[in-house]
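Working notes, structure below.
Just so you know, all these numbers are worked out from the coordinates, no wet-lab data involved. Just so it is clear, the structure is predicted and the values come from calculations on it, not from any experiment. Here the Cβ is made from the backbone with ideal geometry for all residues, glycine too, and neighbour counts use every protein chain on show.
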Amino acid sequence: MSSLLIVNGRVIDPASGLDQVLDVAIQDDQITEIGRRLPRKGAETVYDAEGCLVTPGLIDPHVHLREPGGEHKETLETGSRAGVAGGFTSLCCMPNTTPALDTPDALTFVIDRAARSAVSRIFPVAAATRARKGEEITEIQLLAKSGAVGFSDDGDCIDSAGTMSRVLASVARTGLAFMQHCQESSLTRGSAMHAGTVATRLGLSGWPRVAEEVIIERDIRLNLAIGCRYHVQHISSGESVELVRRARALRLPVSAEASPHHLHLTHEACDGYNTAAKVNPPLREQTDIDALRAGVADGTITVLATDHAPHSADEKHLPFEEAPFGLVGLETALALYAEALVRTGAVSWARLIRLMTVEPARLCNLDAMGLGTLAVGGPADVTIIDPEQQWTVGREDLRGKSQNTPFLGTKVRSRALLTVVAGEVAHDLEPSRRKRR
């Protein structure tokens, strides 16, 4: 039996509205008590969280862990180590692996492999169509029973309206969410970055905002008579935010997520053919960043997700048009969200934590497991954050296999100091705060 007592921290649990300086007691894999000045006697380890936030374990509903098939970029184990370094105790992995996560056996492989090797919780999101080709629908009901926490063809959009309608109807019967990669393919074929002045200057084919917007509008219309839980992944366009805002005002089951890079960087980051800033959907303009931040502030965007997408250095060193889309984000997300949203006054710390715990837990039905909250008798998944720690993003801070990010060398503030998964310390940045008794 192991026990951990976290003392003197500002405990923030958005699910219950708790926001006070309290102690949290953990025994084995459960939280046993939350209160003032809990007795130190009997605690195997005491962690002094003075000046820190004590929150539910952070949850990322959108990561690419590459296993099976892309183990040279990331694995379930290395991705989970990157996750806990960033404060994430639960990761939901996308199905664009090789082979795709489109069968119960594929899901079982990920679940079993993660149980043996990962230091965080990992939950698979299943493909909605065979091999993610947007044609034949997978056995959605069976996949849900086999452990899928959602459905997506992420990396590709389901172009066919007929297929999309059938997917929505089938997913609706599971009670899970469909997460759409919103990209109308005929408008983006051959495109490598946002359609704007930088693409023109670099001689690259532009990727228009409307390619995202028309899919969101189409899917909302298709879903009117179906009522499936519909989620917009990695939203990038200001007009897309407005489409989601209008849908939510009508109380339609629509949600959306924002990623760190889309809250910070414009297409200017791609200048000089910088492949580290080549992402899908592409970085756009300041007006889009402003709209996304406003969407988070007014509750239109309810989820924050990294879209952690590791690639090898060799792949990212290819010419811009040939290099793969994506950047890693698990280790840096918390600090970047804090900079974009808390320090600008868009949201409070309590609201930011909600966007990274309660809301992603609800999106992926993880709240049914007690995740996303700090509750006595509930899972001991806890993240301790120093909101003021300043650091510069270096390669040594990236714990996964890949280091493809345009944020290397960036000075940031806020960091996860301790990550506890099921009662076990999975990451400890400042061991001096932890005293064994």
To the nearest 10 degrees, how steeply does helix 286-297 sit against the main Cα axis of the chain, on a 0 to 90 scale?
-> 50 degrees
Estimated translational D of region 273-341 in µm²/s (Stokes, Kirkwood radius over Cα pairs; 20 °C; 1.002 mPa s) | 158 µm²/s
Which loop-located trypsin sites (Lys or Arg not before Pro) does region 19-116 contain, where loop means any DSSP state but H, G, I, E or B and the Cβ has at most 11 other Cβ atoms within 10 Å?
-> 36, 37, 41
Counting only DSSP beta bridges with both residues in region 57-369, what percent are antiparallel, rounded to the nearest 5?
-> 5 percent
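Evaluate Rg over Rh across region 56-199, taking Cα atoms for both radii and Kirkwood's formula for Rh. Please report the intermediate quantities before stating the final value.
Details: Rg = 15.8 Å, Rh = 15.8 Å.
Reported Rg/Rh (Cα atoms, Kirkwood Rh): 1.00.
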Could you let me know the centre-to-centre spacing of region 50-71 and region 214-233, using Cα atoms, in angstrom?
-> 27 Å
Measure nothing fancy, just the Cα-based angle from helix 76-85's long axis to the longest principal axis of the chain, in degrees from 0 to 90, nearest 10.
-> 60 degrees
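Multiply the residue gap between residue 325 and residue 145 by 0.36 nm, knock off their C-alpha separation, and tell me the result in nm, one decimal place.
Details: separation 180, 0.36 × 180 = 64.80 nm, distance 3.21 nm.
That pair, residue 325 and residue 145, stretches by 61.6 nm at full extension.
Taking the Cβ-Cβ separation of residue 251 and residue 19 as r and a Förster radius of 41 Å, what is the calculated FRET efficiency to the nearest 0.05? Walk me through the numbers before you get to the answer.
On the way: r = 28 Å, r/R0 = 0.69.
Calculated transfer efficiency: 0.90.
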Cα-only radius of gyration and Dmax that characterise the chain, units Å | 20.8, 68
Angle between the Cα long axis of helix 161-172 and the longest principal axis of the chain, 0 to 90 degrees, nearest 10?
-> 20 degrees
Considering the options 363, 320, 333, tell which one lies farthest towards the positive end of the dipole of region 57-369, charges being +1 on Lys and Arg and -1 on Asp and Glu at the Cβ, about the Cα centre.
-> 363
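Could you give the length gained on full extension between residue 117 and residue 187, defined as 0.36 nm per residue of separation minus the Cα-Cα distance, in nm?
Extra length from residue 117 to residue 187 when fully extended: 21.1 nm.
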Within straight cross-link reach of residue 73, meaning Cα distance under 18 Å, which aspartates and glutamates are found once same-chain residues fewer than 8 apart are removed?
-> 154, 307, 314, 315, 322, 331, 396, 397
On each of the three principal axes of the Cα atoms of region 180-241, give max minus min coordinate, whole Å, ordered largest first.
-> 44, 21, 14
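Would you mind putting 398-408, 263-273, 200-210 in packing order, based on average other-beta-carbon counts within 10 Å, highest first? The partial results should precede the final answer.
On the way: 398-408: 22.1, 263-273: 18.5, 200-210: 15.8.
In descending order of packing, they fall as 398-408, 263-273, 200-210.
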Please give, to one decimal in nm, the separation of the simple spin-label points placed at residue 224 and residue 72, each 7 Å out from Cα toward the Cβ.
-> 4.9 nm
Two-decimal Rg to Rh for region 6-70 - Kirkwood Rh, Cα set = 1.13
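Using the Cα gyration tensor of region 351-437, with a ≥ b ≥ c the square roots of its eigenvalues, what is the shape: rounded (a/c below 1.5), prolate (a/b larger than b/c) or oblate (neither)? Walk me through the intermediate numbers first.
Numbers: a/c = 2.02, a/b = 1.36, b/c = 1.48.
The shape class here is oblate.
If R0 is 51 Å, what FRET efficiency do you get for residue 422 and residue 273 from their C-beta distance, rounded to 0.05? Walk me through the numbers on the way to the answer.
Working: r = 44 Å, r/R0 = 0.87.
Taking R0 as 51 Å, the efficiency between residue 422 and residue 273 is 0.70.
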As a percent rounded to 5, the proportion of antiparallel DSSP bridges among beta bridges in region 1-131 is 50 percent
